[in-house]
Amino acid sequence: MKLAIASGKGGTGKTTVAVSLALSLASAAVSPLFLDCDVEEPNAALFLRPEITARRDVGLLIPVVEMARCTACGRCAEVCEYHAITVIGKHVLVFPELCHGCGSCSRQCPEDAIHETLNVMGTLEKGMAGGVEFFQGTLNVGEAMAVPVIRQLKQWAISPDVGERPVILDAPPGASCPVVETMRGADAVLLVTEPTPFGLHDLRVAVQVARDELGLPVAVVVNRDGVGDAGVAAYCAAEGLPILLRIPLERAIAEGIADGQTLIAIHPEYGARFIALWDELKNRNS
């Protein structure tokens, strides 16, 4: 099963849940794949502490125009949906920041005057963290598009022969395009929230993306249980969203996570709870 773990906002404990679930499965002799898809600010490695064994550049193929062959006919600009290439008089201008790497301009050029070169946008890394096979992407500072890095991270990590191995995708916060790309292809989504009005608002948005737009089954983890109000519980009951785990607001947990510890290191009894959560998700989606 491929499980995307997401939240409508940052700071809800999404990565805390993701890494603890991965380590719990590994302790049960199940070797999960863990993908940190928050490529703008990956932080799961701070808790998993993987030994990185491979690294590669990642990016998009962008057009390079050979002006000696170009006739400035404008066909490349006509077919570019993203306005990443334009022709002004006899000059052809390319805007790499707008290019989505579709290759239409090079394929449509009647003079074969366009070739493509890799515009490096970030890096992909993989390694091992105990029994967890770890992957992460990191977007270069100043790059605007996270989606291509996430897409290529998933292609690199999730091979066709992954079989029954658990795949955990730690999504970026929010509900924007990088979150949608992380969820795409998943079997289910686990949303981490907190029982506050802000948490409820962002949970609603995340549910709309995951369930209503992508058609994925959704379950919920409530973090910092005991603060706020009953709005999240009432909403989940009304929407038929199962709350599979509640993590209390507790000083020891906050201090441990701030020190780089995982939840199951702070409270080992949560290992069995996360395994039960995984089994419940599998049963619901089998």
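Each residue in region 268-286 was checked for being crowded, with 18+ Cβ neighbours inside 10 Å and of a type outside the set (A, V, I, L, M), and 5 pass.
Taken over region 69-89, the criterion of being part of a loop (DSSP other than H, G, I, E, B) and either free of Cβ contacts under 8 Å to residues at least 12 places away in the same chain or buried (at least 17 other Cβ atoms within 10 Å of the Cβ) (or both) is satisfied by Cys70, Ala72, Cys80, Ala84.
Within region 46-68, if we keep just the residues that are crowded, with 18+ Cβ neighbours inside 10 Å and hydrophobic (A, V, I, L, M, F, W, C), the residue that is nearest to Gly137 (Cα to Cα) turns out to be Val58.
Among the residues of region 250-259, at least one is in the same structural domain as Lys14 (by TED's automatic domain parsing) and in a loop (DSSP other than H, G, I, E, B). In the set (1) surrounded by 14 or more Cβ atoms within 10 Å (Cβ to Cβ); (2) under 25 Å from the mean Cα position of the chain (by Cα); (3) not charged (D, E, K, R), the condition left unmet by Leu249 is number (2). Scanning region 104-115 for residues that are surrounded by fewer than 16 Cβ atoms within 10 Å (Cβ to Cβ), touching a residue at least 24 places away in the same chain (Cβ under 8 Å) and closer than 15 Å to Val64 by Cβ returns Glu111, Asp112, His115.
Among the residues of region 219-242, those identified as surrounded by fewer than 16 Cβ atoms within 10 Å (Cβ to Cβ), under 11 Å from Pro195 (Cβ atoms) and in contact (Cβ under 8 Å) with a residue 12 or more places away in the chain are Gly226, Val227, Asp229, Ala230, Gly231. If you filter region 145-200 down to residues that are buried (at least 24 other Cβ atoms within 10 Å of the Cβ), under 22 Å from Gly215 (Cα atoms) and β-branched (Val, Ile, Thr), you find that the one that is farthest from the chain's Cα centre (by Cα) is Thr193. Count of region 104-124 residues, restricted to those that are of a type in the set (D, E, K, R) and assigned to a strand (DSSP E or B), is 1.
The values are calculated or read from the model by the stated rules, or taken from the named source; none is laboratory data. Everything numeric in this text was worked out from a predicted model, so none of it was measured. Quick reminder, even Gly has a Cβ in these numbers, built from the backbone with ideal geometry, and neighbours come from all protein chains shown.
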